[in-house]
Amino acid sequence: NLRFRNFAIYTNNFEEYEFCIKRIFADYGIAYSFDDTSEVEFSNFAIYLLTLLKIIQNGIDINSLFVLLKTGLFDITKEDLNYFENYVLEFGIKGYMLSKNFKRNNKEDSLQDMVYDLDRLNILREKVIKYITEFGNEINYSMTAKEIIEKIYNHLIENKIVDRYEVEIDNTNN
């Protein structure tokens, strides 16, 4: 049920490959169009994927985590994301601290500080950690490139990342 429009080829050196692509696609009767104006590195999809892989390779750092979550492709509401981020920033949570339950909070009688719902925050924390850990456990760097790409593809489909990105594109184009 796939169509040619379901596929894209991205390259960082368009001019080098243009001739080959045109020739091969013409030989096989494959319709194509070139769009060398869009910057792949600024697409939320590319940011999501590159950031997720960076986190898997280097471990979680808070800045990368929020770059990933703010792409809009992770299954979290903006309200929950803001709530989670406010807590993490207020209490100086580091990446390695995400593996343990959040326990710190402001005093209930404080007039200035917000008192956080730790149950809600720990549910969000567990969801984020589980998501990253499960994907990280699937990637084994002794795997072949094909196996790694299959794992990435399965991750994108199973977690509806592609679906969310298509919605984002549709919303941008309308």
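The values are calculated or read from the model by the stated rules, or taken from the named source; none is laboratory data. What you see is a predicted model, and the numbers here were worked out from it, not measured in a lab. Using ideal geometry, Cβ is built from the backbone for each residue, glycine included, and neighbour counts are taken over all protein chains shown. Quick note on the areas: whole protein, heavy atoms, side chains included, nothing else; ligands and nucleic acids left out. Shrake-Rupley method; radii C 1.70, N 1.55, O 1.52, S 1.80 Å.
Tabulated results
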| read-out | value |
| --- | --- |
| Only one of F135, F102 that is at pLDDT 95 or above, aromatic (F, W, Y) and either in a loop (DSSP other than H, G, I, E, B) or under 20 Å from K54 (Cα atoms) (or both) | F102 |
| Subset of the stretch 1-30 that is open to solvent by less than 70 Å² (accessible area, probe 1.4 Å), more than 22 Å from Y153 (Cβ to Cβ) and assigned to a loop (DSSP other than H, G, I, E, B) - its residue that is modelled with the highest pLDDT | G29 |
| Counted residues, the stretch 44-63 - those being surrounded by 17 or more Cβ atoms within 10 Å (Cβ to Cβ) and either out of contact with any Leu (no Cβ under 9 Å at 6 or more places or on another chain) or without any contact (Cβ under 8 Å) to a residue 24 or more places away in the chain (or both) | 2 |
| Residue identified as at negative phi and outside any helix (DSSP H, G or I) among F74, F45 | F74 |
| Qualifying positions in the stretch 150-174 - part of a loop (DSSP other than H, G, I, E, B) and under 18 Å from T51 (Cβ atoms) | N159, K160 |
| Residue check for K130: over 17 Å from I47 (Cβ atoms), under 17 Å from the mean Cα position of the chain (by Cα), open to solvent by 70 Å² or more (accessible area, probe 1.4 Å) and of a type outside the set (A, V, I, L, M) | yes |
| Filtered residue count, the stretch 141-174, keeping only those that are among the hydroxyl-bearing types (S, T, Y) and either in contact with a strand residue (DSSP E or B) (Cβ under 8 Å, 6 or more places away or on another chain) or touching a residue at least 12 places away in the same chain (Cβ under 8 Å) (or both) | 1 |
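Conditions tested, residue by residue: (1) over 18 Å from H155 (Cα atoms); (2) open to solvent by 80 Å² or more (accessible area, probe 1.4 Å).
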{"residue": "F74", "(1), (2)": "no, no"}
{"residue": "K94", "(1), (2)": "yes, yes"}
{"residue": "N105", "(1), (2)": "yes, no"}
{"residue": "D109", "(1), (2)": "yes, yes"}
{"residue": "V115", "(1), (2)": "yes, no"}
{"residue": "N122", "(1), (2)": "yes, no"}
{"residue": "F135", "(1), (2)": "no, no"}
{"residue": "Y141", "(1), (2)": "no, yes"}
